[in-house]
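Below: one structure, written as structure tokens.
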Amino acid sequence: MGRLRQERDLSLEELARQTGLSGSYLMDVEDCREMPTVGALLQISRALCVDADSFLKQSEGKEHKRRKKE
């Protein structure tokens, strides 16, 4: 999410304004400290002009790498 946000020259504050979510929540999502709800994921994907499944695909790849290490 952070990469997409930066590619679009959006600050966390601007993304927060566009989504109605708090900047601290978005930061936690970017840093993988918080798992976004489906509603939040849809709001973020709309603001970044991407399909919500692109986040899910990225998440699956990260989970697969984590499981391989175990």
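So is residue 67 modelled with pLDDT of 95 or more, in a helix (DSSP H, G or I) and not acidic (Asp, Glu) or not?
So residue 67 does not fit the description; no.
Which one is surrounded by the most Cβ atoms within 10 Å (Cβ to Cβ), of the residues in the range 37-53 that are under 10 Å from the mean Cα position of the chain (by Cα) and among the small types (Gly, Ala, Ser)?
Only one residue tops the list, namely 45.
Keeping to the range 7-22, report how many residues are more than 12 Å from the chain's Cα centre (by Cα) and either of a type outside the set (Lys, Arg) or farther than 17 Å from residue 46 by Cβ (or both).
Here the count works out to 9.
Sort through 30, 7, 34, 13 and tell me the only one that's over 22 Å from residue 57 (Cα atoms), open to solvent by 30 Å² or more (accessible area, probe 1.4 Å) and among the acidic types (Asp, Glu).
Exactly one residue qualifies, and that residue is 13.
The values are calculated or read from the model by the stated rules, or taken from the named source; none is laboratory data. In this text the structure is predicted, and so the values were computed from the model without any measurement. All Cβ positions, even for glycine, are placed from backbone atoms using ideal geometry, and neighbour counts span all protein chains on display. Side chains included, ligands, DNA and RNA excluded: accessible areas come from the protein's heavy atoms. Shrake-Rupley method; radii C 1.70, N 1.55, O 1.52, S 1.80 Å.
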